[in-house]
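J.: Below you'll find the structure I mean.
The values are calculated or read from the model by the stated rules, or taken from the named source; none is laboratory data. If you're wondering where the values come from, they're calculated on a predicted model, not measured in any experiment. No Cβ is skipped: glycine too gets one built from the backbone with ideal geometry, and neighbour counts run over all protein chains shown.
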Amino acid sequence: MRKSMIHELYYGNVSPWERKRILDPEFIALGKKIDDIVTHYKKLLSPEEYKKFEEMQNLQAQADVIQEAELFEYAFCAGVLLMIDVFRYKGP
């Protein structure tokens, strides 16, 4: 029998930031293309220029994490508000 979501959350069995690995072929193909481009620039740029390129990648990754966190918060709150409306609904 499945435990309640509140129970699972309290005991640390629910970690929204930990997800299953994405196995979508399109996602995998995009990752391969990105790796190929990074390899291209690693060969093309001087070590100093490549270091700046890596810094830009790290900054982009940090911005993506912030964006994902805000999207999660928005989606979670929207879901909760939707459930509140559903439970308050009296019907016609």
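J.: Does segment 15-35 contain any residue that is surrounded by 10 or more Cβ atoms within 10 Å (Cβ to Cβ), part of a helix (DSSP H, G or I), at pLDDT 95 or above and of a type in the set (Asp, Glu)?
T.: Yes, the conditions are met somewhere in segment 15-35.
J.: Which condition breaks for Asp85 when tested against (1) surrounded by 10 or more Cβ atoms within 10 Å (Cβ to Cβ); (2) assigned to a helix (DSSP H, G or I)?
T.: (1)
J.: Same structure, new question: Does at least one position in segment 51-66 carry a residue that is in contact with a Phe, Trp or Tyr (Cβ under 9 Å, 6 or more places away or on another chain), surrounded by 10 or more Cβ atoms within 10 Å (Cβ to Cβ) and closer than 23 Å to Ser15 by Cβ?
T.: There is no residue in segment 51-66 that is in contact with a Phe, Trp or Tyr (Cβ under 9 Å, 6 or more places away or on another chain), surrounded by 10 or more Cβ atoms within 10 Å (Cβ to Cβ) and closer than 23 Å to Ser15 by Cβ.
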